[in-house]
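Take a look at the structure set out below.
The values are calculated or read from the model by the stated rules, or taken from the named source; none is laboratory data. The model shown is predicted, which means the values in this text are computed figures rather than measured ones. So basically every Cβ, Gly included, is an ideal-geometry build from the backbone, and we count neighbours across all protein chains shown. SASA here: full protein model, heavy atoms, side chains in, ligands and nucleic acids out. Shrake-Rupley method; radii C 1.70, N 1.55, O 1.52, S 1.80 Å.
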Amino acid sequence: MNDAALTDLLAACRAYVGGRVDPSFNAAAQAFYASAKAQPKIAARAARELSRLPPPGAAILANMLGTIVEKGGAVERSGVAVWELYLAWLPQIHRGFAGRKELSPRQRQLLDVFQLLGQSAVSHLSAMPQERKLAAGNKELMAQLAELQDYTPGAAWVRQVLLSRSDALLLLHLPSRQGFRLRYDNIVNCFHLFTLIQAAFGETLPGGRAPNRFIVDMARCVTMAEEGNDEPWWRYETVQPEAPGLVEISGEAPVETIARIDGRQVILLSAPVEGAALWDTSFFTPQLFAMPANVVLEEMLTAQEAEEWLAKVGVPTGSQEANTP
């Protein structure tokens with residue numbers, strides 16, 4: 001393997017002190033990208049050098065490796081090395097803020113380039129579901145990310161990755177007694193889910209409307225989030241074992257809290273309550289363009305299947321909801 005491109009890039013990374021790159025660095029970077037496209041294993045060799053580079057050089061090289069993954073490169077070549085570097089830097093930065101003292105020169109240096117490393121971590125973690133699941137269950141890690149998210153996007157983005165969920169969903173529209181199977185991807189909170197459920201149905205379901213494309217594009221990470229609001233077209237409810245009847249779903253709640261029946265999350269739709277809460281586009285952020293959010297309508301239940309599910313959730317035939325216009 002010709003290592004000239006990698007050798008030149010590593011030299012440029014050792015000299016890099018942060019900020020905008022100069023023409024010589026850019027030339028080395030372009031040569032490396034071309035070499036990695038022709039000889040993909042060079043990305044793995046570059047990843048092994050991350051821990052040996054000064055922080056600015058390590059962060060920008062990690063960011064480049066993230067770009068390669070986003071363009072179809074194998075995450076196995078660099079994912080573990082990038083994530084290990086992130087996990088090594090995070091507690092050092094956290095200790096600086098937890099101590100409520102001025103950051104040390106080392107901590108300040110790490111913080112200054114942490115956004116670049118965070119971008120790379122997101123690019124890699126988007127293709128590493130097992131690592132995401134393991135990290136999301138690490139209470140100490142999640143606490144550190146929560147405490148640092150207001151200080152650096154590098155923490156906020158990764159926390160969003162680890163909180164995001166993808167799952168199957170069964171939706172029952174009570175007034176029409178119709179049922180649907182859906183799938184949602186990369187969503188954290190229920191307000192975000194509601195917006196994309198409404199976008200999936202539009203005017204095809206009673207009570208639906210033409211979606212606001214401005215809002216939906218932000219919710220799907222097609223465009224950058226700006227100020228805006230959405231409102232409920234239906235009332236969103238579910239069932240809870242310990243509570244009688246239907247229970248309203250809190251829009252601020254994590255999507256993973258939606259109740260399950262027979263292993264599948266279930267939402268029931270009915271006519272909206274007057275004065276129901278609106279939500280703003282901050283519930284769609286931070287946006288992860290490497291892991292765009294979406295809801296897909298997979299299939300409509302047969303009338304018999306819908307009735308069976310309505311019976312499971314305790315909605316009898318001829319209920320008041322069924323007669324709602």
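Just to confirm, what accessible area per residue do you get for the stretch 165-313 at 1.4 Å probe, in whole Å²?
Working: 6780 Å² over 149 residues.
On a per-residue basis, the stretch 165-313 sits at 46 Å².
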> For the chain, with the dipole built from +1 on Lys and Arg beta-carbon atoms and -1 on Asp and Glu ones, taken about the Cα centre, which of 283, 225, 51 lies farthest toward the positive end?
Replying inline: 51
> Given the protein chains as shown and a 1.4 Å probe, how many square angstrom of residue 315 are accessible, to the nearest 10?
Replying inline: 20 Å²
>> Using Cα-Cα distances under 8 Å and only pairs 6 or more residues apart, what relative contact order does the chain have, in percent?
In response: 16 percent
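At 222 nm, what value in deg cm²/dmol follows for the chain if DSSP H runs of at least 4 each add -39500 (n - 2.57) and the sum is divided by all its residues, to the nearest 500? Intermediate results must be reported in sequence, preceding the final value.
On the way: 12 runs with 149 residues, N = 325.
Value at 222 nm, helices only, nearest 500: -14500 deg cm²/dmol.
Using a 1.4 angstrom probe on heavy atoms only, work out the carbon and sulfur share of the accessible area of the stretch 4-163 in %.
Details: 4120 of 8080 Å².
Carbon-and-sulfur percentage of accessible area, whole number: 51.
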>> Compute the helix-to-body angle for 303-312: its Cα long axis versus the longest principal axis of the chain, expressed 0 to 90° and rounded to tens.
In response: 90 degrees
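Please report, in debye to the nearest 20, how large the charge dipole of the stretch 165-313 is about its Cα centre when each Lys and Arg carries +1 at its beta carbon and each Asp and Glu carries -1 there. Don't skip to the end; give the middle numbers.
Working: 11 positive and 21 negative charges, 54 e Å.
Approximately 260 debye in magnitude.
Explain nothing, just the number: dipole magnitude of the stretch 111-240 about its Cα centre with +1 on each Lys and Arg Cβ and -1 on each Asp and Glu Cβ, in debye rounded to the nearest 20. Each step should come with its number before you reach the end.
On the way: 12 positive and 14 negative charges, 127 e Å.
Computed charge dipole of the stretch 111-240: roughly 600 debye.
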> Looking at 12, 170, 116, which one has the Cα that reaches farthest to the positive end of the dipole of the chain (charges on Cβ: Lys, Arg +1; Asp, Glu -1)?
Replying inline: 12
> What is the set of long-range amide H partners of residue 247 at a cut-off below 5 Å, with H atoms built 1.01 Å from backbone N?
Replying inline: 238, 239, 240
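Expressed as a rounded percentage, what relative contact order does the stretch 51-175 have, with Cα pairs under 8 Å and six or more residues apart? The partial results should precede the final answer.
Details: 119 pairs, mean separation 34.8, N = 125.
Rounded, it is 28 percent for the stretch 51-175.
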>> Within the chain, count lysine pairs with alpha carbon atoms under 25 angstrom apart where the residues are 8 or more positions apart or belong to different chains.
In response: 4
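With only alpha-carbon pairs counted, each pair once and no self-pairs, how large is the Kirkwood hydrodynamic radius of the stretch 4-163 in angstroms?
Details: mean 1/r = 0.0630 Å⁻¹.
One over the average 1/r among Cα pairs gives 15.9 Å for the stretch 4-163.
Which semi-axis lengths, in whole Å and largest first, follow from the square roots of five times the eigenvalues of the Cα gyration tensor of the stretch 158-207? Mind dumping the intermediate values first?
Values: eigenvalues 121, 24, 12 Å².
Largest first, the stretch 158-207 gives 25, 11, 8 Å.
Order the following by accessible area, largest value first: 151, 86. Probe radius 1.4 Å; ligands, DNA and RNA are ignored. Display every interim value, and only then the final one.
Values: 151 130, 86 0 Å².
My answer, sorted largest first, is 151, 86.
Let me know the charge dipole size of the chain about its Cα centre in debye, to the nearest 20, where only the beta-carbon of Lys, Arg (+1) and Asp, Glu (-1) is charged.
On the way: 29 positive and 35 negative charges, 293 e Å.
It comes to approximately 1400 debye.
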>> If you fit an axis through the alpha-carbon atoms of helix 23-38 and take the longest principal axis of the Cα set of the chain, what angle between them do you get, 0 to 90°, nearest 10?
In response: 60 degrees
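Taking every pair of distinct Cα atoms and averaging 1/r, then inverting, what Kirkwood hydrodynamic radius in Å comes out for the stretch 165-313? List each step's numbers first, then the result.
Details: mean 1/r = 0.0644 Å⁻¹.
Result for the stretch 165-313 stands at 15.5 Å.
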> From largest to smallest, what semi-axes in whole angstrom does the stretch 104-207 give when each is the square root of 5 times an eigenvalue of its alpha carbon gyration tensor?
Replying inline: 37, 14, 11
> Heavy-atom accessible area of residue 185 with all protein chains present, probe 1.4 Å, nearest 10 Å²?
Replying inline: 40 Å²
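When the convex hull of the Cα atoms of the chain is projected onto a plane and the area is averaged over all directions, what value comes out in nm²? Intermediate results must be reported in sequence, preceding the final value.
On the way: hull surface 79.3 nm².
Over every viewing direction, the Cα hull of the chain projects on average to 19.8 nm².
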